[in-house]
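Asks: Can you read through this structure? Questions will come right after.
The values are calculated or read from the model by the stated rules, or taken from the named source; none is laboratory data. All figures in this text were calculated on a predicted structure; none of them were measured in a lab. Cβ coordinates were reconstructed from backbone atoms using ideal geometry, including for glycine residues, and neighbour counts include every protein chain displayed. We work out accessible area using only protein heavy atoms, side chains counted, and drop any ligands, DNA or RNA first. Shrake-Rupley method; radii C 1.70, N 1.55, O 1.52, S 1.80 Å.
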Amino acid sequence: KSADAALPVETVNVTELNLILRRVSDRNLLRAVQQDFFGRPLSEWQEAEFSDEIAEDIWTGTAEVANELNQTMTARLP
């Protein structure tokens, strides 16, 4: 926690992100790590299993990001 805390997100040819913030309880944390849910993209069925059985949705929203055609852009989401 700090005043300048932000999450970096890299995008290409995107102007808006659909975001979901989920909480994983301490009881489910080990299971989530063992099933390799962190640090990589999830397939549709993996995402459904993660949200149904392991995590709890706590926020849903969108974010606008800068876009330059065919360039990797890094946005910092507070």
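Asks: Per residue and in Å³, how big is the convex hull formed by the alpha-carbon atoms of the chain?
Replies: Spelled out: Cα convex hull of the chain, divided by residues, is 119 Å³.
Asks: When all protein chains stay in place, what accessible area (Å², nearest 10, 1.4 Å probe) is found for GLU47?
Replies: Probe radius 1.4 Å; accessible area of GLU47 about 60 Å².
Asks: Same structure again: At 1.4 Å probe size, with every protein chain present, just tell me what the per residue accessible area of the chain comes to in Å². Mind dumping the intermediate values first?
Replies: Details: 6330 Å² over 78 residues.
That works out to 81 Å² per residue.
Asks: Given an 8 Å cut-off on Cα distances and at least 6 residues of separation, report the relative contact order of the chain as a percent. Numbers along the way, then the final one.
Replies: Working: 98 pairs, mean separation 45.6, N = 78.
Across the chain, relative contact order equals 58 percent.
Asks: What ranking of LEU69, LEU29, LEU17, LEU7 comes out by heavy-atom accessible area, probe 1.4 Å, highest first? Write out the running numbers ahead of the final one.
Replies: On the way: LEU69 140, LEU29 85, LEU17 25, LEU7 105 Å².
Of LEU69, LEU29, LEU17, LEU7, the descending order of accessible area is LEU69, LEU7, LEU29, LEU17.
Asks: If you don't mind, another one. Can you pull the accessible area of THR74 for me, 1.4 Å probe, Å² to the nearest 10?
Replies: Its heavy atoms expose roughly 90 Å² to the probe.
Asks: Within the chain, what whole-number % of the accessible surface is contributed by carbon and sulfur, with the 1.4 Å probe and all protein chains included in the calculation?
Replies: On the way: 3120 of 6330 Å².
Carbon with sulfur: 49 percent of the solvent-accessible area.
Asks: Within a Cβ distance under 15 Å of GLN35, other residues only, what is the Lys/Arg minus Asp/Glu net charge? Spell out each step's value before the answer.
Replies: Working: positive: ARG22, ARG27, ARG31, ARG40; negative: ASP36, GLU47, GLU49, ASP52, GLU53.
With Lys, Arg at +1 and Asp, Glu at -1, the net is -1.
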